[in-house]
Each structure stands twice: as C-alpha cells, then as structure tokens.
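The next block holds one structure in the form of structure tokens; read it before the comments.
The values are calculated or read from the model by the stated rules, or taken from the named source; none is laboratory data. Every value quoted in this text rests on a predicted model; they were computed, and no experiment measured them. Here the Cβ positions follow ideal geometry from the backbone for every residue, glycine too, while neighbour counts run over all protein chains shown.
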Amino acid sequence: MRLTYFGHSCFLLEVEGARIVLDPYLKDNPHGRVKPAKVPCDFILCSHAHEDHICDAVELSKLHGATIVAPYELAEYFDSQNTKALDLMPGGGVNLPWGRIDMTPAIHSSALELPAGKNRHMGAPCGYVIRAEEKSVYHAGDTALFGDMKLIGRHGLDAALVPIGDRYTMGPADAVEALNLLRPKLAVPMHYDTTDKIRQNPHAFGASALAAGHTVRVMGAGETIDV
C-alpha cells in the first residue's frame with residue numbers, strides 16, 4: 001500500500017488493482033491545489049456531504065470512470081449527477097476484486113451546502129476501513145471520539161488517519177484517546193490548519209501520542225509513504 005496526502009482529509013491510497021481517493025478536496029485545497037485530471041483513480045470514498053470532503057468527487061468520477069462510494073443518501077445524490085455510485089451504510093461493507101471496503105460510524109453531520117443556507121440533509125456521516133494486500137487503513141472521516149473505535153480496531157490496523165482540528169471534530173487530546181482505542185501501527189493526523197478555526201500543531205499531537213505509546217507520521221501535502 002502507498003498513501004499520498006493532499007492536505008485536509010484528502011488522501012490517495014494505492015493498492016494492487018486499485019487507486020482510491022478519500023474525501024476528494026483537490027483543486028481548492030489550500031494545502032496545495034491539484035487538478036483532478038492529475039489524480040487518476042478507480043474509487044472515490046466520501047465520508048459525508050460537506051463541501052471540503054466531496055467537492056471534486058463528481059469531476060474525478062467523470063474524468064476517470066471511478067466509482068463513488070458513499071452513505072446511501074449521498075450515493076443517491078451522486079447517482080443523480082450521472083456518476084457511478086456505490087451505496088453503503090455504517091456497519092456494512094463490500095468485497096471487491098482487490099480487497100474490501102467497510103463503512104464505519106462517525107459522529108458528525110452530513111449536508112450539501114447549498115446557496116442561501118438552504119442545506120440539504122444527506123443522512124449519516126461515516127468513516128472507512130480499507131483492506132487490501134493483507135493490510136488495513138482506517139480513515140475516520142470527520143468525527144468525535146467514541147468508544148466503539150475499540151471495535152473498529154479489533155482486527156488490527158496498519159494505519160489510522162484521524163482528525164485533530166478540534167471545533168468540528170476531535171481535538172488533539174481526544175485524538176490521542178482515539179489511538180488508545182484503535183491501537184494502529186501508525187497514525188496520521190488530518191483535518192487541521194485548513195482554516196483559522198482548526199489551527200493545530202500536528203507535531204505537538206505527535207509528541208503527545210508518542211508519550212502514550214503510539215507512532216505518528218505528520219505528512220506534508222504531496223508526500224507519499226508506504227504503509
């Protein structure tokens with residue numbers, strides 16, 4: 001597995017047989033603007049409907065023929081946009097030729113952000129566990145800390161991508177508690193420093209996590225690592 005970070009909560013996970021974009025936020029991402037045409041992919045996993053997590057999903061799907069995976073209501077919306085959509089709900093999953101995608105719960109909200117504040121509710125938010133090549137990566141989505149993270153990590157996780165921004169998601173202290181439940185081999189912080197409201201020091205988070213027995217890799221935008 002190879003993992004590339006684009007900033008905020010957007011990643012590319014490359015496994016044998018598939019390229020998977022998680023929470024596509026590319027061309028308007030302040031951490032480093034990337035044209036969707038330059039990110040070929042087979043699957044696009046969206047954790048919820050907020051603009052900073054889905055804004056490039058339709059364009060990516062149409063450019064590359066990729067399937068968008070999302071919670072049921074959001075998948076129905078993507079289907080109405082003439083894209084290929086695969087619907088799941090938290091607790092469910094799907095086996096694919098290259099591996100498996102499991103959808104996990106998340107504590108957040110999910111709505112399309114429409115003009116004049118007329119937002120459209122889009123059902124449940126979620127996270128994902130992607131299993132391939134006998135490895136597993138958990139993308140928590142936007143979420144608060146919750147006790148069932150212990151169950152998400154019960155089969156072992158090679159990497160956990162966890163928000164640390166606070167205000168709208170877990171902050172650094174709760175993210176360390178999340179790692180205590182998840183017990184991944186490696187943790188990568190996400191969803192921070194995109195706006196002034198979620199400014200955080202990821203290295204301070206890494207130091208706190210290390211003191212609790214966890215290994216953290218702070219990734220820069222555009223950086224790729226092997227998982």
Being in contact with a helix residue (DSSP H, G or I) (Cβ under 6 Å, 6 or more places away or on another chain) and surrounded by 19 or more Cβ atoms within 10 Å (Cβ to Cβ) is the filter; apply it to the range 143-153 and report the residue that is farthest from residue 225 (Cα to Cα).
-> 145
Which is farther than 19 Å from residue 24 by Cβ, outside any loop (DSSP other than H, G, I, E, B) and at pLDDT 95 or above, of 207, 144?
-> 207
Sole miss for residue 20 among (1) touching a residue at least 24 places away in the same chain (Cβ under 8 Å); (2) not in a strand (DSSP E or B); (3) not polar (S, T, N, Q) is condition (2)
Look at the range 35-45 and say how many of its residues are buried (at least 20 other Cβ atoms within 10 Å of the Cβ) and farther than 22 Å from residue 133 by Cα.
-> 1
Looking across the range 180-212 at residues that are surrounded by 20 or more Cβ atoms within 10 Å (Cβ to Cβ) and among the hydrophobic types (A, V, I, L, M, F, W, C), the single one that is farthest from residue 39 (Cα to Cα) is 209
Residues in the range 213-227 that are surrounded by fewer than 12 Cβ atoms within 10 Å (Cβ to Cβ) and free of Cβ contacts under 8 Å to residues at least 40 places away in the same chain: how many?
-> 1
Mind listing just one residue for me: the one in the range 11-28 that is touching a helix residue (DSSP H, G or I) at 6+ places or on another chain (Cβ under 8 Å) and of a type outside the set (A, V, I, L, M) and, of those, farthest from residue 227 (Cα to Cα)?
-> 27
Out of all the residues in the range 95-106, which are touching a residue at least 12 places away in the same chain (Cβ under 8 Å) and surrounded by fewer than 16 Cβ atoms within 10 Å (Cβ to Cβ)?
-> 97, 100
Give the residues of the range 154-179 that are free of Cβ contacts under 8 Å to residues at least 60 places away in the same chain, surrounded by 20 or more Cβ atoms within 10 Å (Cβ to Cβ) and either touching a Lys or Arg at 6+ places or on another chain (Cβ under 7 Å) or assigned to a loop (DSSP other than H, G, I, E, B) (or both), sorted by residue number.
-> 157, 164, 165, 170
In this structure, is residue 78 within 22 Å of residue 40 (Cα to Cα), among the aromatic types (Phe, Trp, Tyr) and outside any strand (DSSP E or B)?
-> yes
Would you confirm whether any residue within the range 55-67 is over 24 Å from residue 5 (Cα atoms) and either outside any helix (DSSP H, G or I) or in contact (Cβ under 8 Å) with a residue 40 or more places away in the chain (or both)?
-> no
Can you pull out the residues in the range 1-34 that are surrounded by fewer than 18 Cβ atoms within 10 Å (Cβ to Cβ), of a type in the set (Gly, Ala, Ser) and over 24 Å from residue 88 (Cα atoms)?
-> 32
Find the residue count for the range 113-142, including only residues that are within 20 Å of residue 87 (Cα to Cα) and either hydroxyl-bearing (Ser, Thr, Tyr) or surrounded by fewer than 17 Cβ atoms within 10 Å (Cβ to Cβ) (or both).
-> 4
